[in-house]
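Data block below; observations after.
The values are calculated or read from the model by the stated rules, or taken from the named source; none is laboratory data. What you are looking at is a predicted structure, and each value in this text was computed from that prediction instead of being measured. A quick note on method: Cβ atoms are made from the backbone with ideal geometry, for glycine too, and the neighbour counts reach across all protein chains shown.
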Amino acid sequence: MELETTRIFLYLLIIILGSLWASKKTGIADVLFYLIGGFIVVNLNLLSPESQAIEIFAFIGVLFLFFYLGLEENLQGFTEGIKKGWKIAIAGVILPFTLIYFTEYALSHNVIKSIVFAMAFTPTSIGIAFLTLNTLSFSAKAKLQPIIVAAALTDDVLSLILWGVLGGILVSMQASTSTGITLDAVAALALTPLSNFFLFSGVMSIIAYIFFQFHPTASLQKNSMLLSFISKTKNSIYARAGASVFLGRQEINVAIVIMIFLAFVGAYIAEYFATSVALGAYFMGLIINEEHFSKQHRDTLFHDAIEKLRFLTLYFFAPIFFISIGLQMKIESLSLLLTVLSSALFLAAVLFIAQFFAASLTARYINALPWRSAILIGIAMQGRAEVTFLVAMAALSMKLITSADLLLISISAFILNLSVPFLLKMAANYHEKQDHSEMI
């Protein structure tokens, strides 16, 4: 068992290192190569998507990624992003859902399957957009990134609530084709996910109030009694063991452990209320930020801890999550690949057009952003990963779709995810050139 686990992690680390090297050589975001790496190893039978070790670390990868996203943001920036991004999100739910539903229904003539496909392709991947933007440098990034993240997050929340309602309806429809679904039944099904989400939001709001009123994160400051006690106790033990130099500054290590603990608390609260753990981790990251620290500690303890979390997230845990997406692309036969590929390309093209027009036109004509910014947002909203696979896997477990349908969803999402790093880099370069020409 230990040998098998070691082999799995060796392959994962080889993919991560190879992806970072390829990203540096090509200038393309490393997330693209994580996806390709997962696709290659699963079809060479080197790794399996059913691996429990990969599944656990991929879950931690989602949690760390969203927690880090929250830490990088602040509540003021998030609020401003929501104000500008919610319209983009709503348009990004309605148009893609509608077009994918009718496209899949034209292909399969199956109402239940068509709704599942529409639901799976509605949510946008925050991770794909963030990791790609993280590799780019252009003057408007600070302004546009909060809008993109807030729009994608709102997109995901709406999709999760919608799936909570539609998932139950679809199971009821499949169980009984003779009896119709009444309005009362729909209302009853909608009540649970909506109430759960509002309860989750209420609990997180209370936690935010406690943090900002009473500053419980004072325990992360260097001069706190708790941190001082833990550090002195650990230092005395490590000094006797001759390991104090190796372990470095204990206050940073303690701060990181406390932050990770709080991220899991947020995820647990979200899961308790049947909401995505990613949302729980993200909102906890939003709550814990540098505003809790006095100015003399912001450039030391807080930012040093964030830098270490950044390394763990962007160079280990998050890559494993994106590799796990590539592992869903297991091709059983060439004939199956050719059959699925043509449908996947068609679905990906329809979804790309629907999402692009929904996001870019809303950003241009409702948010009054310039065309170059609207186009960039339209491209950044193309990724399909976290919630897409959550919906698809849930639908498979409910027997609403088959494994062949899951493969079609996976390949369609894979094609879209491959397009984001290339097109977003081109859009960012164009944006920078236009900004520069206007300044001249």
Task: Subset of region 26-48 that is in contact (Cβ under 8 Å) with a residue 12 or more places away in the chain, part of a helix (DSSP H, G or I) and of a type outside the set (A, V, I, L, M) - its residue that is farthest from residue 385 (Cα to Cα) - done: 43
Task: Tabulated pairs, region 137-148, first assigned to a loop (DSSP other than H, G, I, E, B), second surrounded by 20 or more Cβ atoms within 10 Å (Cβ to Cβ), C-beta under 6 angstrom, 6+ apart or interchain - done: 138/428; 138/431; 140/431
Open item on the list: Looking at 51, 19, 23 in this structure, which one is polar (S, T, N, Q), in contact (Cβ under 8 Å) with a residue 24 or more places away in the chain and closer than 17 Å to residue 414 by Cα?
Closed with: 19
- [ ] Residues being buried (at least 22 other Cβ atoms within 10 Å of the Cβ) and basic (Lys, Arg): count how many of those fall in region 335-387.
- [x] 1
TODO: Go through (1) buried (at least 20 other Cβ atoms within 10 Å of the Cβ); (2) not in a helix (DSSP H, G or I) one by one and return the number of the condition residue 64 breaks.
DONE: (2)
TODO: Starting from residues that are within 15 Å of residue 58 (Cα to Cα) and among the β-branched types (Val, Ile, Thr), keep the ones in region 7-28 and report whichever is surrounded by the fewest Cβ atoms within 10 Å (Cβ to Cβ).
DONE: 8
TODO: Report, by residue number, each residue of region 71-129 that is touching a Lys or Arg at 6+ places or on another chain (Cβ under 9 Å), in a helix (DSSP H, G or I) and among the β-branched types (Val, Ile, Thr).
DONE: 128
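Every residue, every condition in (1) surrounded by 24 or more Cβ atoms within 10 Å (Cβ to Cβ); (2) of a type in the set (D, E, K, R), yes or no:
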| residue | (1), (2) |
| --- | --- |
| 36 | no, no |
| 41 | no, no |
| 51 | no, no |
| 101 | no, no |
| 104 | yes, yes |
| 108 | no, no |
| 117 | yes, no |
Open item on the list: Within region 386-402, does at least one residue satisfy the condition of being at pLDDT below 85, among the acidic types (Asp, Glu) and under 22 Å from the mean Cα position of the chain (by Cα)?
Closed with: yes
TODO: Could you please let me know if residue 73 is in contact (Cβ under 8 Å) with a residue 40 or more places away in the chain, surrounded by fewer than 16 Cβ atoms within 10 Å (Cβ to Cβ) and on the phi < 0 side of the Ramachandran plot?
DONE: no
- [ ] Return a yes/no flag: does region 40-50 have any residue that is modelled with pLDDT of 85 or more and within 27 Å of residue 306 (Cβ to Cβ).
- [x] no
